[in-house]
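The values are calculated or read from the model by the stated rules, or taken from the named source; none is laboratory data. On a predicted model such as this, the values are computed, not experimentally measured, just so you know. Methodologically, a virtual Cβ is constructed for each residue, glycine included, from the backbone with ideal geometry; neighbour enumeration extends over all protein chains shown. These area figures cover heavy atoms from the full protein model, side chains too; ligands, DNA and RNA do not enter into them. Shrake-Rupley method; radii C 1.70, N 1.55, O 1.52, S 1.80 Å.
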Amino acid sequence: MSTDVLDVIGAGDERLAPRSVLRRLLGRPELGAVVGAAAVFLFFSVVADSFLRASSMGTVLYASSTIGIMAVPVALLMIGGEFDLSAGVMVTSSALVSSMFSFQMTANTWVGVGVSLLVTLALGAFNGIMLVRTRLPSFIITLGTFLMLTGLNLGLTKLISGTVATKSIGDMQGFPSCRDLFASHWTIASVDLQVTILWWLGLVAVATWVLLRTRAGNWIFAAGGNADAARAVGVPVARTKVGLYMAVAFCAWISGQHLLFSFDVVQSGEGVGNEFLYIIAAVIGGCLMTGGYGSAIGSAVGAFIFGMASKGIVYAQWNPDWFQFFLGAMLLLATLLNAWVRRRAEASK
C-alpha cells in the first residue's frame, strides 16, 4: 500500500493519529495526584522549616510506605470495581496469627510467618469467593469480614494470651532474620530508610507491570468497567476478583509481619480504621469509586501525599487534631481535580 493511501487512512481514523504530549498526560489517572503532591510538598516546605531536612524525608517516606504497601492492592481492587473494608484489621490478624502460632506451637518464628501467610490468603479468598457466589455488594461482604476479624482478634488474643496483646517473641529462633526481611532499616547520608520503602516501591512496580503489560491487567480494567460485558467476551471476572482480594491479603500479610517484627508484640485492637486510609490514598491517586479507572503509580502518589501531610503537620508544630480535617480536604480536592482531569481527557479525544 502506498504512502499516500496510508496518510489518507491515518487522517480518517483518529486511532491512528498521533497524540500530543498534553493529551497523553491528561489521559493519565495519576496526573491530578502528582499536581496535588507538588502543592502539598511546596506548602510544607514553606510553613515547616524542618520539612526539607534529609532525616525528615526518611520519616515521610516511611509513613508513606506503611500506607502505600496496602494502597497498591486496594487500588487494583478498586479498578476492578470492588472495595475491601477488612483490609485494616486483616493486617493485625496476620500479625496475631504469626505471633501466637510461633509462641504457642513452635520455637521458630518462620513457621508462624508461613502459617500466617496461608491464613491471610485464605481470608482474602473467602472475601472473593463470597462476593462472586452471593453477588452481594463488596461493601456488605467485607464489612461482615471486618466485624468478624475485629471480634476474633480481640477474643482469641485474650483467650490464648490472657491479655489484649501477644507475648514477646523477640528471643525466639528466626526472629533476627524475620526482622531483617520485614522490619530492617539502614542509614544513607544521615537518612534512616526502612525496608518497607523497598517493599512499597517493588509492589508499585509489579502492579504497574501487571496493569499495563499483561492480560490480567486488561481483565482488571474490564471487570471494573463493565463486568457483564467483560463476561460476554470471555474475561474470567470471578477469578479476577478473587485474585484481587488475595492480592490485598498478601500485602496485608507483608504489613502485618512488619508490624510484628518492628515491636515483637501486637495489640489486638490495632488496624481498625486504616482501611479508609488505604482507600483514600487510592482515590487521591486517581482511582474512581465506580471502578475501571486508576493506576498503581497513582496510589503511590496518594500514599506519599498522606505521608507528607501526617508528618508535615508535626514539623509545622500544628495541633495534630487538624490532621483529619486536612486529610478530608485533600480527599475532596483530589477527587474534584481527578474528575476535572478526566473530563478534559475525554473531551480531548
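Per-structure values
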read-out	value
Any pair with Cβ under 6 angstrom, 6 or more apart, that starts in the range 70-85 at a residue that is at positive phi and ends at one that is surrounded by fewer than 24 Cβ atoms within 10 Å (Cβ to Cβ)	GLY81/GLY291
Matching option when the condition is in contact with a strand residue (DSSP E or B) (Cβ under 6 Å, 6 or more places away or on another chain) and buried (at least 18 other Cβ atoms within 10 Å of the Cβ), among GLN257, GLN267	GLN267
Any hit, the range 291-299, residues being surrounded by fewer than 23 Cβ atoms within 10 Å (Cβ to Cβ) and assigned to a helix (DSSP H, G or I)	no
Test for PHE304: is it of a type in the set (A, V, I, L, M, F, W, C), at pLDDT 85 or above, open to solvent by 40 Å² or more (accessible area, probe 1.4 Å) and in contact with a helix residue (DSSP H, G or I) (Cβ under 8 Å, 6 or more places away or on another chain)	yes
Residues of the range 225-249 classified as within 13 Å of MET70 (Cα to Cα) and either surrounded by fewer than 17 Cβ atoms within 10 Å (Cβ to Cβ) or of a type outside the set (Phe, Trp, Tyr) (or both), total	5
Tally, over the range 280-302, of residues that are within 10 Å of the chain's Cα centre (by Cα) and aliphatic (A, V, I, L, M)	5
